[in-house]
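Readers should treat all values here as calculations from the given coordinates under stated rules, not as data from a laboratory. This structure is a prediction, so every number in the text was calculated from the model and none was measured. Cβ placement follows ideal geometry from the backbone for every residue including glycine, while neighbour counts extend to all protein chains displayed.
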Amino acid sequence: MQNNSSISFTSKIRFVDRTAFAMLKKNNLIDYTHQSSNILKADEFYSPGIRTCTGGGLVNPLVEAEGFHFWDDMVNAKKFPQLINSLFRFVKDPERGLLVGSKELKGSVYSIPQFQNFKKAFLERVKNVSLFEQHVFENSGTDYHYSLKDDTWTLCTTYIKNDDSRLNSVRTIGQLLKCFKTISIADGDRLFVGKKEVLPSEYPELFKSTQNYNAKV
């Protein structure tokens, strides 16, 4: 296990509601279509509508960062090695990473396998990776924004529980836990829901070190 004294607690992952996310000043859109650039290296970037897709980024805190958003389709499945090589050419030897997305949905056969492939590659190559894996509700998705200036990921996850429910956005840790099948916060990342920090002492199951991953390179 990593010695806690060597961890720099700078990286923040913050979940906010739709109103707060809409009020953010956002630059440098990353889209998922094949006609767009799905990877962007910048000091700030954002990407909306991650549902069955996989999105996230690679970061050297306060130095450089990139974001991405990949559609879960046959085209990207076939060229996955190329996608990974492209990602790690933008930010070399990243210290931290974040992955969000995927969903078990009829017709979206590449969604979960794509996320698993990215997860495997990230955990093999990046020391600290935070994961928000597999949206639970059929009508759910996540938007994200990243700022290198303060090393902060701001995410907005929305969901509809059933046909009789309205659109909700994550405002509490309880809602967050219900929205993803798996959540894992990397060493050195801090999780906030709204203005409240979620502490490892309160939810130790979320703060498992990804360094125990045993995948072979």
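Answer yes or no as to whether Leu58 is touching a helix residue (DSSP H, G or I) at 6+ places or on another chain (Cβ under 9 Å) and either surrounded by 17 or more Cβ atoms within 10 Å (Cβ to Cβ) or without any contact (Cβ under 8 Å) to a residue 60 or more places away in the chain (or both). So Leu58 passes the test.
Can you work out which of the residues in region 157-183 that are in contact with a Ser or Thr (Cβ under 6 Å, 6 or more places away or on another chain) and in a strand (DSSP E or B) is farthest from Lys119 (Cα to Cα)? Among them, the one singled out is Ser169.
Counting the residues of region 35-79 that are in contact with a His (Cβ under 9 Å, 6 or more places away or on another chain), part of a loop (DSSP other than H, G, I, E, B) and of a type in the set (D, E, K, R) gives 2.
Within region 184-202, being of a type outside the set (A, V, I, L, M, F, W, C) and more than 17 Å from Glu133 (Cβ to Cβ) holds for Asp187, Gly188, Arg190, Gly194, Lys195, Lys196, Glu197, Pro200, Ser201, Glu202. Going residue by residue through region 127-137, is there one that turns out to be of a type outside the set (Ser, Thr, Tyr), outside any helix (DSSP H, G or I) and free of Cβ contacts under 8 Å to residues at least 12 places away in the same chain? Scanning region 127-137, I find no residue that is of a type outside the set (Ser, Thr, Tyr), outside any helix (DSSP H, G or I) and free of Cβ contacts under 8 Å to residues at least 12 places away in the same chain, so the answer is no. Filtered by the rule that a residue be surrounded by 15 or more Cβ atoms within 10 Å (Cβ to Cβ), in a helix (DSSP H, G or I) and of a type outside the set (Val, Ile, Thr), region 84-103 gives Leu87, Phe88, Phe90. Looking at Thr142, Thr172, just one residue is among the polar types (S, T, N, Q) and surrounded by fewer than 16 Cβ atoms within 10 Å (Cβ to Cβ), and that residue is Thr172.
Checking Thr158, Thr152 one by one, the residue that is farther than 19 Å from Tyr32 by Cβ and either crowded, with 18+ Cβ neighbours inside 10 Å or of a type in the set (Ser, Thr, Tyr) (or both) is Thr152 and no other. When Lys25 is tested against the conditions (1) under 18 Å from the mean Cα position of the chain (by Cα); (2) surrounded by fewer than 22 Cβ atoms within 10 Å (Cβ to Cβ); (3) not hydrophobic (A, V, I, L, M, F, W, C), the lone failure is (1).
Report yes if Lys106 is part of a loop (DSSP other than H, G, I, E, B) and more than 24 Å from Lys181 (Cβ to Cβ), otherwise no. Criteria not met by Lys106.
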